Amino acid sequence: MDNLYTQNLDFEESLNLAMKSILPKTRKIRPIRSGRLSLTVEWHFQDTNEPFFLNEMSDGTVRMLCWATILHSPVLPSLLVIDEPELGLHVAWMPILAEWIKQAAQKTQVIITTHSPDLLDHFTDRLENVSYFHSTDQNHFSIKPLSREILEPKLTQGWELGDLYRVGDPILGGWPW
């Protein structure tokens, strides 16, 4: 984070705005070198002069800071693979995380895996980018893209991807194994 702050002034603003979207009273997040190989992160909020530190924040909040740092980075790898990014996060943050993932996907290839219907709901608008594991015999699986044509009747009824996953719809492959 410190290197990104130092090398790209826009990153600091981008990260602070990202964190304001989950904690609106965020004023500023500031990395401070606290030794040759150590970094301390101060989190400043409105209405208080004393900063908070990462050990004083919830695990989910720290995880969102990590996702914001990665997904808003001005220097992204050519492929970003994320396994279950929703773990430990408040369900209210799923639309924010999904939006961050979509924004990063405009700059690089992003692959995520999830068992979260709450996160999956927020990719209903991107069916062409969603694939699922398809099985014919429960021993052999292949990855298949979702078909808007097949899902359209359910989508027009108001179903979202997460809803279909919750009920184990075979079109989506929502199996627990």
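Some observations on this one:
- Helices (runs of 4 or more DSSP H) wholly inside the stretch 61-177 containing at least 2 residues that are closer than 30 Å to GLU12 by Cα and not hydroxyl-bearing (Ser, Thr, Tyr): 94-105, 117-120
- Here LEU76 does not qualify as modelled with pLDDT under 95, of a type in the set (A, V, I, L, M, F, W, C) and touching a strand residue (DSSP E or B) at 6+ places or on another chain (Cβ under 6 Å).
- Scanning the stretch 11-41 for residues that are surrounded by 12 or more Cβ atoms within 10 Å (Cβ to Cβ) and among the polar types (S, T, N, Q) turns up SER14, ASN16, SER21, THR26, THR40.
- Against the conditions (1) open to solvent by 30 Å² or more (accessible area, probe 1.4 Å); (2) among the aromatic types (Phe, Trp, Tyr); (3) out of contact with any Phe, Trp or Tyr (no Cβ under 7 Å at 6 or more places or on another chain), PHE133 satisfies every one except (3).
- Residues considered: SER34, SER14, SER21, SER38. Of these, the only one that is of a type in the set (S, T, N, Q) and at pLDDT 95 or above is SER21.
- Residue within the stretch 89-104 that is out of contact with any helix residue (DSSP H, G or I) (no Cβ under 6 Å at 6 or more places or on another chain), at pLDDT below 95 and more than 17 Å from PRO170 (Cα to Cα) present: no
- Unique residue being touching a Ser or Thr at 6+ places or on another chain (Cβ under 8 Å) and either open to solvent by 80 Å² or more (accessible area, probe 1.4 Å) or more than 19 Å from LEU120 (Cα to Cα) (or both) when the list is THR61, THR48, THR69, THR108: THR108
- Residue match in the stretch 117-130 (condition: closer than 23 Å to VAL81 by Cβ, among the β-branched types (Val, Ile, Thr) and surrounded by 11 or more Cβ atoms within 10 Å (Cβ to Cβ)): yes
The values are calculated or read from the model by the stated rules, or taken from the named source; none is laboratory data. None of these values were measured; they are calculated from a predicted model. Glycine also receives a Cβ, built like all others from the backbone with ideal geometry; neighbour counts cover every protein chain displayed. We work out accessible area using only protein heavy atoms, side chains counted, and drop any ligands, DNA or RNA first. Shrake-Rupley method; radii C 1.70, N 1.55, O 1.52, S 1.80 Å.
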